[in-house]
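Report on the structure given below.
The values are calculated or read from the model by the stated rules, or taken from the named source; none is laboratory data. Small disclaimer: the values here were computed from a predicted structure and weren't measured. Here the Cβ positions follow ideal geometry from the backbone for every residue, glycine too, while neighbour counts run over all protein chains shown.
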Amino acid sequence: MNTKNNLQKILKDLNSIEKELSLLRGISALLNWDKDVNMPKKAFEQRADQETLISVQIHELLTSKKLVSIIKTLSQKSIYSKLSDLDKAKVDLYNWKLKKQLKVPKAHIEEYTKVLSITHNAWVNARTKESYAEFMPYLKKVFDLKKKEAKYIDAKAHPYNVFLDDYERGITIKDIDQIFLKLKSDILEILANIKKSQNYNKINDVKPESFGIYSKELQLELSKELSKKILVDTNRYMIAETIHPFMTTISSDDIRITTAVRSDPFFSFGSIVHESGHALYELNFDSKILDTILVSDGSLSLALHESQSRFWENIVCKSESFWKGYYSYYASKFPFLQKISLKQFYESINIAMPTLVRIESDELTYGLHVIIRYEIEKGIFDGTIKVEDLEIVWNAKYKEYLGIVPSKPSKGVLQDSHWSGGNIGYFPTYILGSMYSVMIYNAMKKENPKLDLDIEKLDFNFIRTWLKEHIHQYGASKTSKEIILAACGKNLDVTEFTAYLKKKYYKIYCVKE
């Protein structure tokens, strides 16, 4: 067999393994989605066994001698140089991933997966009983196993850096500390200036739910209509309800979105838009990279992923332009809103006021919620915070940064599902994504000065096309830094984000700089 034919065979073998990995990940995602949406409460232990089986199979295939041998061969300089750019990107990603995966024993994967499945159920029960004490032993086990895993992967590195890298390749505590130090200062300054405004109490006393009763059915109907305007092809996704909204990918033509209806009528609306942003990203990958590591869980930049959800949720659907075009239709569904002006409604859904729940917070204070979680995660890994004291630390940080204290655990330390799912190191990507979303909007507007008018008309064609061309199609074939630099002409810029926040909120509250 000549060299060219041999290379083609190796690549064909790699494609076969990747396809199998993709199918297994899809099954795993489906099991997880079903667990949150449909599964009977008593089935969690059996589901844990099912999820463990799939996770072990994924780990064994990913660390198999055959795959390791293929990647080792393709990494040789003489062969690597002959690969296409996409194949080079795949090899680079596998080397990055295998460097970690090969060091983690199968027994650890089995134990960790089973613990996570049981911990998720414990979180649901603890929320119902409003008891962090009941959840704490399970959470401690998760963090203990993550610390153990970090030692397997790199005993010399700060353990938190090991997991930050899982969600945003290359980023470190040093990077985030620098970004968040500036961001926290800017947010607190903007918030302080807003609170001094004569309009602060007047605007903040009027919330959307005070206008009237928004039926659950209509909320979901309008949310689903808007999701369709963003995603267009209803044959490739579905929407369900759950406690904590999320999006997951079963396959390239099977995207699952969940939402929830709460007292704030904009919650379901905003959460579906948020998850639709994630979904559009997953639906727009170049066909050449489907079923490969370039779109698989753990390879994509979560900050870039979050930039898409934050872009649609905040930049588009909380904008003045959007509501100029949409409000008359929205108000027609809820007759009591016909007495409420567009200005008053727009202000009511963009109130900047400290609240307890991250996913119910405004664009301005949202960053403080994320910073608190980041500081807690970092503290647990460096030993300055104990899991046993986490509720006390959480409440103290909310008092310090936001001036409020949770009245119950479901509004505090038990509000997020991330830790019960082992997603430790994820939270910082929300704010990095928010920063990227503003940069993307500004770059988009330079290319299309009529962008705000398009949004007012609810014409998202330019936006979808631009995002697919500049952001979505690449998957993980390029890093987030490379994609943002090419699309926006600059690297991550905190000042661009805070300038956006100032412009929006100072206008709403009539604050003069």
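Which of the residues belonging to segment 203-223 are assigned to a helix (DSSP H, G or I) and either within 29 Å of the chain's Cα centre (by Cα) or closer than 20 Å to V273 by Cβ (or both)?
Correct list: N204, P208, E209, K216, E217, L218, Q219, L220, E221, L222, S223.
Before we move on, is K481 outside any loop (DSSP other than H, G, I, E, B) and modelled with pLDDT of 95 or more?
no
Give me a count of the residues in segment 223-261 that are touching an Asp or Glu at 6+ places or on another chain (Cβ under 7 Å) and either among the small types (G, A, S) or farther than 15 Å from S309 by Cβ (or both).
The number of residues fulfilling the criteria is 3.
Within segment 149-158, identify whether any single residue is hydrophobic (A, V, I, L, M, F, W, C), over 26 Å from G475 (Cα atoms) and touching an Asp or Glu at 6+ places or on another chain (Cβ under 7 Å), and answer yes or no.
Checked against the condition, which is being hydrophobic (A, V, I, L, M, F, W, C), over 26 Å from G475 (Cα atoms) and touching an Asp or Glu at 6+ places or on another chain (Cβ under 7 Å), segment 149-158 yields no hits at all.
Just checking, which of S296, S276 is at pLDDT below 95 and either closer than 18 Å to V232 by Cα or crowded, with 21+ Cβ neighbours inside 10 Å (or both)?
S296
Condition first: surrounded by 14 or more Cβ atoms within 10 Å (Cβ to Cβ) and among the acidic types (D, E). Now tell me which residues in segment 484-513 satisfy that.
Within segment 484-513, D493, E496 meet the criteria.
Of everything in segment 286-332, what is among the polar types (S, T, N, Q) and outside any helix (DSSP H, G or I)? Give them in sequence order.
Within segment 286-332, T292, S296, S299, S301, S319 qualify.
Counting just the residues of segment 129-180 that are part of a helix (DSSP H, G or I), of a type in the set (S, T, Y) and at pLDDT 95 or above, which one comes out farthest from D92 (Cα to Cα)?
Of everything passing the filter in segment 129-180, Y132 is farthest from D92 (Cα to Cα).
Answer yes if at least one residue in segment 459-475 is closer than 30 Å to L191 by Cα and either touching a residue at least 24 places away in the same chain (Cβ under 8 Å) or basic (K, R) (or both), and no otherwise.
No: segment 459-475 contains no residue that is closer than 30 Å to L191 by Cα and either touching a residue at least 24 places away in the same chain (Cβ under 8 Å) or basic (K, R) (or both).
If you check every pair at least six apart or on different chains, which have Cβ atoms under 8 Å apart with a residue in segment 194-217 that is in the same structural domain as S268 (by TED's automatic domain parsing) and under 13 Å from I351 (Cα atoms) first and a residue that is among the polar types (S, T, N, Q) and surrounded by 13 or more Cβ atoms within 10 Å (Cβ to Cβ) second?
As it stands, the answer is I203/S348; V206/Q344; V206/S348; K207/S348; P208/S348, since those pairs meet every condition given.
For segment 73-91, state whether one or more residues are within 26 Å of I424 (Cβ to Cβ) and modelled with pLDDT under 95.
No, there is no match, as no residue in segment 73-91 is within 26 Å of I424 (Cβ to Cβ) and modelled with pLDDT under 95.
Here are the criteria: (1) surrounded by fewer than 19 Cβ atoms within 10 Å (Cβ to Cβ); (2) within 29 Å of D177 (Cβ to Cβ). Tell me which single one I371 does not satisfy.
The failed condition is (1).
Go through segment 247-264 and give me each residue that's farther than 13 Å from S28 by Cα and surrounded by fewer than 21 Cβ atoms within 10 Å (Cβ to Cβ).
S252, D253, D254, A260, V261, R262, S263, D264
Against the definition (β-branched (V, I, T) and farther than 21 Å from E110 by Cα), how does I27 come out, yes or no?
no
Filter segment 42-81 down to residues that are touching a residue at least 12 places away in the same chain (Cβ under 8 Å) and assigned to a loop (DSSP other than H, G, I, E, B) and give me whichever is surrounded by the most Cβ atoms within 10 Å (Cβ to Cβ).
Residue satisfying both the conditions and the ranking: T63.
Taking the stated definitions as given, is D254 on the phi > 0 side of the Ramachandran plot and modelled with pLDDT of 95 or more?
For D254, the condition - on the phi > 0 side of the Ramachandran plot and modelled with pLDDT of 95 or more - is not met.
If you check every pair at least six apart or on different chains, which have Cβ atoms under 6 Å apart with a residue in segment 340-357 that is over 24 Å from W394 (Cα atoms) first and a residue that is modelled with pLDDT under 95 and crowded, with 19+ Cβ neighbours inside 10 Å second?
From residues that are over 24 Å from W394 (Cα atoms), the pairs are E347/I203; S348/P208; I349/P208; I349/F266.
Looking at I250, I257, I187, I230, which one is part of a strand (DSSP E or B), of a type in the set (A, V, I, L, M, F, W, C) and in contact with a Gly (Cβ under 8 Å, 6 or more places away or on another chain)?
None of the other options fit; the residue is I250.
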